[in-house]
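Beneath this line is the structure, given in structure tokens, with notes to follow.
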């Protein structure tokens, strides 16, 4: 496949324009059920958490309202971060960061994946995996949902399969969970995999 024809998912302006045009089909307007259920079983409120490619970041809003205070919200586009600030005025401003994820250098206990991986050009996937492993503490976890549909040249979103994800992530992570998501929202039912990967 000639992915070089379609590199738009890597560019800041592409995402800024998406928000300006209100062409944000990935944005469901609330924290997704699989992640909400995962958050609800977390016992430590002291985890250092990263949400990359956060968009409007309903996940960060939910976690913050549940008492998690050590969260970094990062996106390459400015507008969704401004939206997030308006919705959560007491969230620490220094933890709302407009930045390319690949330039982040902090260490985290937990990183949340929600429609970020699928937004990246497939050529950046190995780089994504290495960066995630680098950002996590030993035994830190990368948790979220990945799309489960054929990987084509068209995107974002770009798809993938369980087999592809196993091959991609296994060198750096212990695969704790990677399974069909039973509680996806209706439009994504049968098209998502829930996962928990632990840094080796």
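For this structure, a couple of remarks:
- Any hit, the range 138-154, residues being crowded, with 16+ Cβ neighbours inside 10 Å, over 22 Å from residue 50 (Cα atoms) and under 17 Å from the mean Cα position of the chain (by Cα): yes
- In the range 1-91, counting only helices (runs of 4 or more DSSP H) that sit wholly within it, the ones holding 3 or more residues that are at pLDDT 95 or above and closer than 25 Å to residue 133 by Cα span 33-40, 58-65.
- Scan of the range 106-137 for residues that are at pLDDT below 95 and not in a helix (DSSP H, G or I), ordered by number: 114, 115, 116, 120, 121
- Sole exception among (1) out of contact with any strand residue (DSSP E or B) (no Cβ under 6 Å at 6 or more places or on another chain); (2) free of Cβ contacts under 8 Å to residues at least 60 places away in the same chain; (3) surrounded by fewer than 17 Cβ atoms within 10 Å (Cβ to Cβ) for residue 99, by number: (1)
- The residue that is farthest from the chain's Cα centre (by Cα), among those in the range 160-197 that are closer than 24 Å to residue 41 by Cβ, assigned to a strand (DSSP E or B) and touching a residue at least 40 places away in the same chain (Cβ under 8 Å), is 173.
The values are calculated or read from the model by the stated rules, or taken from the named source; none is laboratory data. The structure displayed is predicted, hence computed values, not measured ones. Don't worry about glycine lacking a Cβ; one is built from the backbone with ideal geometry, like all the others, and counts go over all protein chains shown.
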